[in-house]
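Below is one structure, written out as structure tokens; the observations come after it.
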Amino acid sequence: MARIAGVNIPTNKRVEVALTYIHGIGDTYARQICAKVAIPAARRVSQLTESEIIQIREVIDRDYAVEGDLRRDVAMNIKRLMDLGCYRGLRHRRGLPVHGQRTHTNARTRKGPAKPIAGKKK
């Protein structure tokens, strides 16, 4: 079990796929990291040497914001918007969709379960 950026990545998967288990690394960044460290695409995590794992760790630490740092940055950006009182900040504060989606119907993921309105029956 290789541990990179505080995450145990699965050993039986290809390196490109296993790196996507780290928050902040998707398919594109995983391919870039493998190219920088010169790891073939078909290589599995269990076949990596210690030096390759260390190289991957160093590249990620040096070039990418991942896991805790990334989560903190995103939370600080949202908090800044809320403190400013701009429209996006208000939407975050109220727990409503931020990117202009309709809320008359749908938006149940952000709004939560439907609340019945008293006195609505005929």
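The values are calculated or read from the model by the stated rules, or taken from the named source; none is laboratory data. Just so it is clear, the structure is predicted and the values come from calculations on it, not from any experiment. Every residue, glycine as well, gets a Cβ built from its backbone with ideal geometry; the counts of neighbours run over all protein chains shown. Accessible surface areas use protein heavy atoms only, side chains included; no ligands, DNA or RNA. Shrake-Rupley method; radii C 1.70, N 1.55, O 1.52, S 1.80 Å.
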Work from the charge dipole of the chain (Cβ charges, +1 for Lys and Arg, -1 for Asp and Glu, about the Cα centre) and give the residue of 75, 37, 2 farthest towards its positive end.
75
Largest first, how would 17, 59 line up by accessible area (1.4 Å probe)?
17, 59
From the cross-link list 13/36; 13/111; 79/115, the entries with a Cα-Cα span beyond 31 Å are 13/111
Quick one: dipole size for segment 54-122, taken about the Cα centre, charges +1 on Lys/Arg Cβ and -1 on Asp/Glu Cβ, in debye to the nearest 20.
1100
Any residue on another chain or 5+ positions along whose placed amide H is under 5 Å from the amide H of residue 43 is listed here as 15
Rounded to the nearest Å, the spacing of the alpha-carbon centers of segment 9-26 and segment 89-122 is 35
1.4 Å probe accessible area per residue over the chain, in Å²:
71
Quantify, in whole percent, the carbon and sulfur part of the accessible surface of the chain (1.4 Å probe; protein heavy atoms only).
52
